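Right, one structure below, let's go through it.
The values are calculated or read from the model by the stated rules, or taken from the named source; none is laboratory data. What you see is a predicted model; the values in this text were computed from it and never measured. Backbone-built Cβ (ideal geometry, glycine too); neighbour counts: all protein chains shown. For accessibility, only protein heavy atoms count, side chains too; no ligands or nucleic acids. Shrake-Rupley method; radii C 1.70, N 1.55, O 1.52, S 1.80 Å.
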Amino acid sequence: MAIRVGNKAEGNDFFDRVTEREEIWRLLEGNHILLSGPRRLGKTSLLQRLAEEAQEQGLLAKLVDVEGIDTAGGFILALEHAFPDVTITGYLQSVGQKISVGLDRIKGVKLNLPGGVGSEIEMQAKPDAGWADQAVRLQERLSKAPLLIFIDEFSVFLEKLIAKDAADAEKFLGWLRAWRMNSNVACRFVFSGSIGFNSLLDRYKAGTRFNDCYDFRLGPFRLKAALQMLAEEARREDWEGETPVLEHLCRRVGWLSPFYLNLLLVESIGAARDRELESGSSLHRLQISDVDDAYDRLLATRSRFIHWYQRLERDLEAPDFALALAVLNASAKSEHGLTRNQLLSRLQRLEPDPDRRSAQLNRILLKLEEDGYLNQADERIRFLSFLLRDYWKRNYG
Ligand SMILES: Nc1ncnc2c1ncn2[C@@H]1O[C@H](COP(=O)(O)OP(=O)(O)OP(=O)(O)O)[C@@H](O)[C@H]1O
Ligand SMILES: [Mg+2]
């Protein structure tokens, strides 16, 4: 099986996230969740795995991708399709008339969903919108069972909905929030998406629309898990990756995003293969120099990274775009990152007024962090991915 670099990692290709999964199951006892994290960090893969885990335990769980949808009615229809009547009826028959249906079968975590089978669902006032009847019917139907509704690309959908009809989007978010907040509702929502939620909500001043959800921020892999994944993936490709070589690979990646780890591993195997072909050896053993060669090769492949630039160009108005470029260029040039004050002084030329400059920087940092460009830790702002940093320095610095 080939190493995944792009699509969600499923089945055997999915590694680790053990503590994250445990924590999410625990949180789901009492919360709906907003799963956020920079691009390509493995949000979809994690949602998929959670859905599979739930299904293996006989629970009704579905991962619904709403990327292609741009209306409230379309969203409701997607949920209708994901949870057809027969599955819900079948499920309710299979659990019989037990009143409390917990998710305690998952990893020993006790999940006491309120209500459960057969409890009365109090419906909130019907929204004043064309899709209201559909919405109420869906809610009534889905509220009978403790479903796990995992919605991916919700932020992409939401951005389109807002662009199309902001007033309708507002009603839709209000309805969805009231549904979540209903204390008798047995289902649980997890929302995720590749556009940063918090900067999206901030941009449209809709922050309160999701303040009932627990904001779960996905982080990088830990070194041990990263090394295990890399060793196993190399082995499956019939290559030996000794720990010092893989440790070197992790160091070069910097922030341990599984995507960049996999990318550099695939390229390292390619470089090793070329080296062995040239030297006539067939040891199939990775070397530190292969990793370094692979790193340079990746940097030279513009098509790998160009979309990081194009996305900003597309998303931002001219002044914000200039600001984002200035922030990224300054950060790319500094190996250990910059403090906020250092960044502010670099931006003086773009915006002389200190208060305005500070507010602008906050807004742009929110976006650049959520979209996976930058990271703030111990008072310093730096690129998450060393690869992206070095690419940026080379091409735009
Ligand atoms: N748990 C994991 N095990 C192995 N590889 C992973 C894992 N999570 C992510 N990856 C790697 O990262 C890549 C992207 O994963 P995924 O599509 O799930 O990320 P995402 O956060 O949903 O991305 P996007 O922001 O574009 O929606 C995968 O192709 C794989 O290389
Ligand atoms: Mg995704």
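General remarks:
- Number of residues in region 310-338 that are closer than 15 Å to Leu384 by Cα and either within 20 Å of the chain's Cα centre (by Cα) or touching a residue at least 40 places away in the same chain (Cβ under 8 Å) (or both): the value is 10.
- All positions within region 333-349 that are more than 19 Å from Glu379 (Cβ to Cβ) and surrounded by 15 or more Cβ atoms within 10 Å (Cβ to Cβ): none
- Just so you know, in region 257-286 the residues that are of a type in the set (D, E, K, R) and out of contact with any Leu (no Cβ under 9 Å at 6 or more places or on another chain) include one that is nearest to ligand 1 (Cβ to nearest atom), and it is Arg273.
- Screening the candidates Ile364, Ile381 for the property of being outside any helix (DSSP H, G or I) and touching a residue at least 40 places away in the same chain (Cβ under 8 Å) yields one hit, Ile381.
- Restricting Glu232, Glu242 to those that are within 14 Å of ligand 1 (Cβ to nearest atom), more than 17 Å from the chain's Cα centre (by Cα) and either farther than 18 Å from Arg21 by Cβ or hydroxyl-bearing (Ser, Thr, Tyr) (or both) reduces the list to Glu232.
- Verdict on Arg217 being open to solvent by 80 Å² or more (accessible area, probe 1.4 Å) and within 16 Å of ligand 2 (Cβ to nearest atom): yes
- Listed by position, the helices (runs of 4 or more DSSP H) enclosed by region 103-211 that each have at least 2 residues that are open to solvent by 60 Å² or more (accessible area, probe 1.4 Å), at pLDDT below 90 and away from ligand 2 (no atom under 16 Å from the Cβ) are 197-203.
- Qualifying residue in region 43-62 (condition: within 10 Å of ligand 1 (Cβ to nearest atom), surrounded by fewer than 20 Cβ atoms within 10 Å (Cβ to Cβ), assigned to a loop (DSSP other than H, G, I, E, B) and not hydroxyl-bearing (Ser, Thr, Tyr)): no
- For region 1-37, the set of residues classified as acidic (Asp, Glu), touching a residue at least 24 places away in the same chain (Cβ under 8 Å) and within 16 Å of ligand 2 (Cβ to nearest atom) consists of Glu10, Glu20, listed by residue number.
- Criterion (touching a strand residue (DSSP E or B) at 6+ places or on another chain (Cβ under 8 Å) and either over 13 Å from Leu34 (Cα atoms) or of a type outside the set (Ser, Thr, Tyr) (or both)) met by exactly one of Asp202, Asp215: Asp215
- Single match in Gly58, Gly90, Gly73 (criterion: free of Cβ contacts under 8 Å to residues at least 40 places away in the same chain, small (Gly, Ala, Ser) and assigned by TED's automatic domain parsing to the domain that holds Ala145): Gly90
- Flag for Glu267 being over 26 Å from Asn7 (Cα atoms), more than 20 Å from the chain's Cα centre (by Cα) and open to solvent by less than 60 Å² (accessible area, probe 1.4 Å): no
- Test: residue in region 170-177 that is of a type in the set (Phe, Trp, Tyr), touching a residue at least 12 places away in the same chain (Cβ under 8 Å) and closer than 17 Å to Thr71 by Cα: yes
- Of note, His248 does not satisfy the criterion of being of a type outside the set (Gly, Ala, Ser), out of contact with any Leu (no Cβ under 9 Å at 6 or more places or on another chain), at positive phi and open to solvent by 20 Å² or more (accessible area, probe 1.4 Å).
- Residue match in region 259-282 (condition: in contact with a Ser or Thr (Cβ under 7 Å, 6 or more places away or on another chain), within 15 Å of Phe15 (Cβ to Cβ) and either outside any helix (DSSP H, G or I) or assigned by TED's automatic domain parsing to the domain that holds Leu374 (or both)): no
- Residue within region 234-243 that is open to solvent by 10 Å² or more (accessible area, probe 1.4 Å), without any contact (Cβ under 8 Å) to a residue 60 or more places away in the chain and of a type in the set (Ser, Thr, Tyr) present: yes
- Residue pairs meeting the criteria (Cβ under 7 Å; at least 6 apart or on separate chains; first open to solvent by 10 Å² or more (accessible area, probe 1.4 Å), in region 277-298; second aliphatic (A, V, I, L, M)): Gln287/Val245; Gln287/Ala272; Ile288/Val245; Asp293/Ala271; Arg297/Ala271
- Within region 186-211, residues that are in contact (Cβ under 8 Å) with a residue 40 or more places away in the chain reach partners that are among the hydrophobic types (A, V, I, L, M, F, W, C) and open to solvent by 40 Å² or more (accessible area, probe 1.4 Å) with beta carbons closer than 6 Å, at six or more positions or on different chains, in the pairs Ser199/Leu366.
- Some residue of region 70-84 being crowded, with 19+ Cβ neighbours inside 10 Å, within 16 Å of ligand 2 (Cβ to nearest atom) and within 30 Å of Ala167 (Cα to Cα): no
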